[in-house]
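**Q** Have a look at this one.
The values are calculated or read from the model by the stated rules, or taken from the named source; none is laboratory data. Computed from a predicted structure; not experimentally measured. Neighbour counts are summed over all protein chains in view; Cβ atoms, including those assigned to glycine, are modelled from backbone coordinates with ideal geometry. When the accessible area is computed, the model is the full protein with side chains, heavy atoms only, and any ligands, DNA or RNA have been set aside. Shrake-Rupley method; radii C 1.70, N 1.55, O 1.52, S 1.80 Å.
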Amino acid sequence: MASTTSSLPIARRRELPRAAALLLTIAGNILVLGIAAVAVAGVAVAAVAVFGPAVLAAL
C-alpha cells in the first residue's frame with residue numbers, strides 16, 4: 001500500500017461562499033438570456049430584410 005509522504009505542499013481548494021456562487025449563477029443566466037435576445041433580434045432583422053419587400057408588396 002502506498003502512502004503519501006511527499007514534502008510538497010498541497011494546495012487547498014478554496015470554495016466560494018454561497019452568496020457569491022448564487023450571484024455568479026444569476027449573472028451567468030442573465031448573460032445567456034442577453035445573448036439569446038441578441039440572436040433572436042438578429043434573426044428578426046434578417047427575416048425583415050429578406051421577406052419584408054414581399055410582405056409589403058402583398059399588402
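**Q** Tell me which of these A11 doesn't satisfy, since it passes every other one: (1) part of a helix (DSSP H, G or I); (2) loosely packed, with under 10 Cβ neighbours inside 10 Å; (3) of a type outside the set (D, E, K, R).
**A** Going through the list (1) part of a helix (DSSP H, G or I); (2) loosely packed, with under 10 Cβ neighbours inside 10 Å; (3) of a type outside the set (D, E, K, R), A11 breaks only (1).
**Q** In the stretch 27-59, what count of residues is obtained for those that are open to solvent by 80 Å² or more (accessible area, probe 1.4 Å) and in a helix (DSSP H, G or I)?
**A** 18
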